[in-house]
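See below for the structure under consideration.
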Amino acid sequence: MSASGGTKAIVAALVANLAIALAKFVAFLFSGSSSMLAESVHSLADSGNQGLLLLGGKKAQREATPQHPFGYGRERYIYAFLVSIVLFSVGGMFAIYEGYEKIKDPHEIEHWYWPVGVLVFAIIAETFSFRTAIKESNALRGKKSWKEFVRHAKAPELPVVLLEDLGALVGLILALGGVGVALATGDGVWDGIGTLCIGVLLILIALVLAVETKSLLLGEAAGLDEVRKIEAAIVDGDTVTRIIHMRTLHLGPEELLVAAKIGVQHDDTAAEIAHAIDAAEVRVRDAVPIARVIYLEPDIYSETEAAKGPDPDTTPGGTAPENTAH
């Protein structure tokens, strides 16, 4: 996985969550707090999620094969989608079940100092992990807002870790609140209510992750800045006079497919056109290094065809339904 995949943030989150999961489970054993049990399962699920992200990054580095000629870059999207499923099923649904059971059959929290101490420790550890994820993300998001970064990032790992860490911090605060109110009132129902809130929070985060990674799995185009750079690089004003139409597709976070029909002069020779296409590909890769798969189809631009609009059968400069050249 490249640096842009946020490996440092993933490893920091993994180490923090493993330590937190162990501490929370010990606190549950001593206190009987359902919030502690839900939070320990949550941290354990998060640890598994980070493992999945690392595994996806490793598998994505495999070389292309005849069966998968465009490589395995999308493995990172698949494993990020699996993370949202794990967060939903293991983390969210378990917390809701445990909260319901605690509300139905409440009991007082024993040895209160265990859950409180562990929650304070967990908040400190999660803050460290969240800070690392923010620092890694700031290097990539530029002037984008956090919402735009999460929605439009092509590398799924950092948005996943950011949302996981944010959810973990909010969940810890909810758990601390539930335990605190339960201790103050002597009513264990509040511990169950805190656990229910944690479950709802995790499910909401899982749904956001699922929607965003689904979009990546379906295939997203390059960003607007990259599209503009590619368009400017293709046209040389001499042999390549215009872009008739162009499509881009992310084969992975750091691999972009570019397919374009380009307008050339009607009296150019095949050798001149071939040379112009080779030169255009070099310019595109210089402008956008992740554009690794480029297909440029030369054609003679036709204003008549252009006027027909974007219908696939009347593509500007393309071939009419009767397969006659224009």
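The values are calculated or read from the model by the stated rules, or taken from the named source; none is laboratory data. These numbers come from a predicted model, not from an experiment. Using ideal geometry, Cβ is built from the backbone for each residue, glycine included, and neighbour counts are taken over all protein chains shown. The protein model used for the area step is the full one, side chains on, heavy atoms only, and it has no ligands, DNA or RNA in it. Shrake-Rupley method; radii C 1.70, N 1.55, O 1.52, S 1.80 Å.
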Scan segment 138-165 residue by residue and report those that are within 26 Å of GLY48 (Cα to Cα), open to solvent by 60 Å² or more (accessible area, probe 1.4 Å) and under 15 Å from the mean Cα position of the chain (by Cα). LEU140, TRP146, LYS147, ARG151, HIS152
Sort out which residues of segment 148-161 are free of Cβ contacts under 8 Å to residues at least 60 places away in the same chain and either in contact with a Cys (Cβ under 6 Å, 6 or more places away or on another chain) or closer than 27 Å to THR195 by Cα (or both), and write them in order of number. PRO159
Being farther than 22 Å from GLU101 by Cβ, modelled with pLDDT of 85 or more and more than 24 Å from the chain's Cα centre (by Cα): is that true of ALA232 here? yes
Residues to consider are GLY194, GLY219, GLY188, GLY199; find the one that is of a type outside the set (A, V, I, L, M), closer than 30 Å to SER33 by Cα, open to solvent by less than 40 Å² (accessible area, probe 1.4 Å) and in contact with a Leu (Cβ under 9 Å, 6 or more places away or on another chain). GLY194
Tell me, which helices (runs of 4 or more DSSP H) wholly within segment 1-94 include 2 or more residues that are more than 24 Å from VAL211 (Cβ to Cβ)? 7-31, 34-59
Determine, yes or no, whether LEU176 is in a helix (DSSP H, G or I), crowded, with 18+ Cβ neighbours inside 10 Å and within 13 Å of the chain's Cα centre (by Cα). no
